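To start, the structure itself, in structure tokens.
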Amino acid sequence: MKDKQTPSLRRRSLVLAAGAAMAAPLTVRAQAEDIVIGGSIPMTGVFAFAGIGINAGIADYVKIVNDAGGIKGRKVRYVPEDTGYKVDVSVAAYKKITSQNKVNLYYGDSTGFSKTINPELERNGQILMAGASFATELNDPAKYPMQFLVGPDYTEMFGILLKHIAKEKPGAKVAFVYSDSEFGRDPIEKSEAEAKKLGLSVPLKLMTPPGSVDVSTEVIKLRRAAPDYTIFHGYVLAPIPEFVQQGKQMGMTSKWMGTFWTMDSSTVMKMGDAGDGFMGVMPYRYYYDTSAKSPMLDKIRAMRPEYQSTAYTQGFLTAMLFVEAAKRTLDAGKPLDGKNLKAALNSIKDFDTGGLIGVPITIKGNSIPVGRVYRADMKAQKMVPASDWIAL
């Protein structure tokens, strides 16, 4: 897919590519040996900004693997469908893709889909799944034995931020501002307990409607609490810039922080001058981060000379871990089913992602509890490291 295509053209080629891929097994017998990654990808709708990046990241890694001869001589085939970020459409896409292909690996577009499809995954028994969700609930190998998160869960993201805060300012006051949604509420309770364990206090927890823009009343409450740090969660952009701008105008000296879906470079840069110094947790290196050797980022930059989002990196790394799990399963002479693929994934210890994550990773349960705090430098128009890599 060329980068300069419009989203509608991109979507058309996505659907066409998916259609061609689906027809292939009927006509080419050798295709039966392909290792298939299915995908419920939100190429349109509210999450399209992420879906377009995720789709490109998965496709690029699949191309790298196939150009190098595939996995033990078998090609990897990626079969995506647009879901518009709707659970029912995503379930329909899953059923369509799995009925027309022998799917081994699957990318899901949301927490809602991951939870809804879980009984089906267990019944089917053939598929290992990851996706866009970092929901704490999914980080439970007993309840979700064939799923994993490509990074820390939302509670672990808070844990990384709180660890950084406790080191930078012992005894600090931390406010939590979150959306009135499952996504927003996810890490709040456990993170308050974690803050106390680290000797931090949480003087205020503020919940707002997901898309609210008039936050003047909430900003007054926040100013009264006078936190040293404010962590936002459960939003992408709005109402964070409004909080930060009004808080600064009222003389607040809080440091402002976000979690993964707020932290793409292009999102933070939309905050303008008020966003200077805005910090947050990121499990991966940014596209332009050259602070250390990263051969995989070099490859990505050679393939795509313009900035790629953190959603792209998430898709790319998901495909990398899918392929690694498949490779280890085949190396062990075992069939590619969900159980074996998950066991292979959990055998990953001190694994080098080619620098996408700045430290070697070990996958014990369903998550990768590693991240780094980055800070917005508005002059340079970049996110710059504000901490070392923090592993929980």
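The values are calculated or read from the model by the stated rules, or taken from the named source; none is laboratory data. Because the structure is a prediction, the values reported are computed rather than measured. Don't worry about glycine lacking a Cβ; one is built from the backbone with ideal geometry, like all the others, and counts go over all protein chains shown. For accessibility, only protein heavy atoms count, side chains too; no ligands or nucleic acids. Shrake-Rupley method; radii C 1.70, N 1.55, O 1.52, S 1.80 Å.
Considering only the other residues whose Cβ falls under 10 Å of the Cβ of Val62, what net charge follows from Lys and Arg at +1 and Asp and Glu at -1? Result for the local shell: +1.
Of interest is the spacing of the C-alpha centroids, which for the stretch 238-254 and the stretch 271-310 amounts to 25 Å. Each other residue within a Cβ distance under 12 Å of Gly247 adds +1 if Lys or Arg and -1 if Asp or Glu, for a net charge of +3.
When the stretch 247-392 is described by a simple charge dipole with +1 on each Lys and Arg Cβ and -1 on each Asp and Glu Cβ, the residue from Leu321, Asn340, Phe260 located farthest towards its positive end is Asn340. So, with a 1.4 angstrom probe, what is the percent of accessible area on the chain that is carbon and sulfur? Carbon and sulfur atoms account for 55 percent of the accessible area of the chain. Distance between the pseudo-spin-label points of Ser266 and Asp388 (7 Å out from Cα toward the beta carbon): 3.4 nm. Can you pull the one-decimal nm distance between simple spin-label points at Lys143 and Lys63, each 7 Å off the Cα toward Cβ? Placing both labels 7 Å beyond Cα along the Cβ direction yields 3.9 nm.
Please compute the net charge surrounding Pro187, taking Lys and Arg as +1 and Asp and Glu as -1 over other residues with Cβ under 10 Å from its Cβ.
So the surrounding residues net to -4.
In the chain, the ratio of gyration radius to Kirkwood radius, Rg to Rh, stands at 0.97 when only Cα atoms are counted.
What whole-number distance in Å separates the alpha-carbon centres of the stretch 340-392 and the stretch 106-183? Between the Cα centre of the stretch 340-392 and that of the stretch 106-183, the gap is 15 Å.
To the nearest 0.05, how large is the calculated FRET efficiency for Asp350 and Thr290 if R₀ is 22 Å and r is the Cβ-Cβ distance? Taking R0 as 22 Å, the efficiency between Asp350 and Thr290 is 0.40. Build a GNM of the chain with springs between Cα atoms under 10 Å apart, and of Val219, Val46, Val177 the one that fluctuates most is Val46.
DSSP finds beta bridges in the chain, and of those with both partners inside it, around 30 percent are antiparallel.
In the chain, the longest principal axis of the Cα atoms and the axis of helix 111-124 are about 30 degrees apart. Any chance you could give the angle, 0 to 90 degrees and rounded to 10, that helix 216-225 forms with the longest Cα principal axis of the chain? Roughly 70 degrees, rounded to the nearest 10. Using a basic spin-label model with each label point 7 Å from the Cα along Cα→Cβ, how many nm lie between Ala226 and Lys75? Simple spin-label model gives 6.7 nm for this pair. Against the chain, whose longest principal axis is taken from its Cα atoms, helix 87-100 shows a tilt of about 20°.
Length available on full extension from Ala332 to Ser201: 0.36 nm per residue minus the Cα-Cα distance, which gives 42.2 nm. Counting only protein heavy atoms and a 1.4 Å probe, the chain has 41 square angstrom of accessible area per residue.
Think of it as helices only: each DSSP H run of n ≥ 4 in the chain is worth -39500 (n - 2.57), and spread over all residues that comes to -13000 deg cm²/dmol at 222 nm.
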